[in-house]
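Each remark here refers to the structure printed beneath this line.
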Amino acid sequence: MRHQLLHAAVPAPNGRWLVQHRAESPVQLLDGPTAMVDLAAAIQHRIRTTRSRAR
């Protein structure tokens, strides 16, 4: 959220996650904790590759 790569992530009662990348984007449904970890890893990868290019 800090780097504007994710707008919101909310756990649903059934173990899935509701994720929104930007305020105006549609809500995405992730299938569980593994999908949430995969999303976090993808965001970290984008942050690190962006930092490398800026240097």
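The values are calculated or read from the model by the stated rules, or taken from the named source; none is laboratory data. All values reported here derive from a predicted model rather than from experimental measurement. Backbone-built Cβ (ideal geometry, glycine too); neighbour counts: all protein chains shown. Ligands, DNA and RNA are stripped out before the accessible areas are found, and what is left, the full protein with its side chains, is counted by its heavy atoms. Shrake-Rupley method; radii C 1.70, N 1.55, O 1.52, S 1.80 Å.
Every residue, every condition in (1) in a loop (DSSP other than H, G, I, E, B); (2) open to solvent by 60 Å² or more (accessible area, probe 1.4 Å), yes or no:
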{"position": "Gly15", "(1), (2)": "yes, no"}
{"position": "Arg22", "(1), (2)": "yes, yes"}
{"position": "Ser25", "(1), (2)": "yes, no"}
{"position": "Leu29", "(1), (2)": "no, yes"}
{"position": "Met36", "(1), (2)": "no, no"}
{"position": "Ile43", "(1), (2)": "no, no"}
{"position": "Arg48", "(1), (2)": "no, yes"}
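Tally up the residues in the chain that are aliphatic (A, V, I, L, M), in contact with a helix residue (DSSP H, G or I) (Cβ under 8 Å, 6 or more places away or on another chain) and at pLDDT 85 or above, please. Counting residues in the chain that are aliphatic (A, V, I, L, M), in contact with a helix residue (DSSP H, G or I) (Cβ under 8 Å, 6 or more places away or on another chain) and at pLDDT 85 or above gives 3.
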